[in-house]
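The values are calculated or read from the model by the stated rules, or taken from the named source; none is laboratory data. Predicted, not measured: the structure shown is a model, and the values here were computed from it. In this analysis, Cβ positions are derived from the backbone assuming ideal geometry, glycine residues included, and neighbour counts consider all displayed protein chains. Surface accessibility is based on the protein's heavy atoms, side chains included, excluding ligands, DNA and RNA. Shrake-Rupley method; radii C 1.70, N 1.55, O 1.52, S 1.80 Å.
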Amino acid sequence: AAQVVVPSPLLRQDQQLQLLERLDSVVRNIVELRKEVEELRNGLQDLAVEIVGEVRTHLEETQRVTRRRRFPFSRERSDSTTSSSIYFTASSGNANTDDGESEGGYTTANAESDYDRESERESEEGEDEVSCETVRTVRRDSLDLAPEDETPLVSDSSQEEGLGQLLEQADRLHGGDDQDKREGFQLLLNNKLAYAEQHEFLWRLARAHSDMWELTENADERRSYAAEGKEELELALQKWDQCAECHQWFAILCGQVSEHESIPKRIQAGYVFKEHIDKAIALKPQDPQLYYLLGRWCYQVAHLGWLEKRTVSALFETPPTATVQDALQNFLRVEELSPGFSKAGRIYIAKCYRDLGNASAAVLWMNLASELPGSTKEDAEGERELEEMRSVWEE
């Protein structure tokens, strides 16, 4: 009979056990990997849904704005554009009460996806085709996405008109209440990519940062708003050194940035403030707001404390100098250019006369200040000072 040969195993028993354990580990890892891939796939699907939702929401908002531009409406709101806050632009006194006219300024600078364009065509049937094309063109131009050989859909004059409407809307919102200022800030941020090369846009964006600085309580957020606004104008002044508003708001934002700084840094910021306010006055000598700001600076320098004066003398060869009389002349110049321009300004005139020992003139200007309504936080603080001054003299 033939002899049956039984092959010997290639691996010993202990080696087989080790191999089985390794294979089992590999299988477990593969199962876990499949689970992770499945979780990743689900996460990506959720993210895609979220992105589509955000795009849809933004698109619907853009369409609502387009419709508001075609069917303007008026909002009932007290006209506070004559407010005399230290951070207000003097030109805001010429207010246009037709709020609806420049609602089109809400054009948002965002890139179009294929989904955006298809959704717009489906949802905007019957809308003004020119308005829709304008919105799409501004978006594409803002991110340089238009093909080189594509014919522009709007003319330069149409883009200028869109900028003009945007600036009108920004000015009105700046002159409104706290919510209006927040809305104006967001409006300008949304359009930054489209108009970042326009100095009229940039100084208003910086002004909006200043507004947010005033509206915010958190110290870090305030510093951030002021620093970002200042940075915008640092770039703008490199190209538009002859823009009075750029110098004005750069000076204001320098002061805001330094509010929580050390005494030397605050004093250094004071030098910068004075330099840019002087430049703004040279460029726009009939602006009462600029003389008000300069009067504030003179009054503060005239009332530096002992420690601040010692610091100035130790660190600076030519310390800033100003007297109460200097401050008074600037505040009186404000009244000369625009009588009743500012409640706070009249209060400062009363304080200057008080400091100079002219009680009768101080009382006169206290009474004149009381005739004006208070519309800013600074006016409210000034009113408290008036009450203190009255109580001291009554005693």
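Numbers at a glance
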| read-out | value |
| --- | --- |
| Region 274-395 shape via C-alpha gyration tensor axes, a/c threshold 1.5 | oblate |
| Phi-based couplings in Hz for region 280-287 (Karplus 6.51, -1.76, 1.60; Gly and Pro marked x) | 5, 5, 4, 7, 9, x, 9, 8 |
| Whole-Hz ³J(HN,Hα) from phi, Karplus 6.51 cos²θ - 1.76 cosθ + 1.60, for region 247-258, glycine and proline x | 5, 4, 6, 5, 4, 4, 5, 4, x, 5, 4, 7 |
| Computed FRET value (nearest 0.05) for residue 15 with residue 51, which takes r as the C-beta separation and R₀ as 51 Å | 0.45 |
| Whole-number percent relative contact order across region 344-392, with pairs defined as alpha carbons under 8 Å at least 6 apart | 37 percent |
| Relative contact order for region 291-394, counting Cα pairs under 8 Å that sit 6 or more residues apart, in percent | 23 percent |
| Gyration tensor verdict on region 164-285 (Cα atoms; rounded if a/c is under 1.5, prolate if a/b is larger than b/c, oblate otherwise) | oblate |
| Estimated FRET transfer efficiency when R0 is 56 angstrom, pair residue 235-residue 35 (beta carbons, to 0.05) | 0.65 |
| Heavy-atom accessible area per residue - region 264-395, 1.4 Å, Å² | 52 Å² |
| Theoretical FRET efficiency, 1/(1+(r/R0)^6), r = Cβ-Cβ of residue 377 and residue 224, R0 22 Å, to 0.05 | 0.65 |
| About the Cα centre, charge dipole magnitude for region 291-394 (Lys/Arg +1, Asp/Glu -1 at Cβ), debye | 160 debye |
| Residue 384-residue 182 pseudo-label distance in nm [points 7 Å out on the Cα-to-Cβ vector] | 2.3 nm |
| 14 Å beta-carbon shell around residue 338, net charge (K/R +1, D/E -1) | +1 |
| Carbon plus sulfur fraction of accessible area for region 223-331, probe 1.4 Å, in percent | 54 percent |
| Relative packing of 239-247, 368-376, which averages over residues the other C-beta atoms within 10 Å, highest first | 239-247, 368-376 |
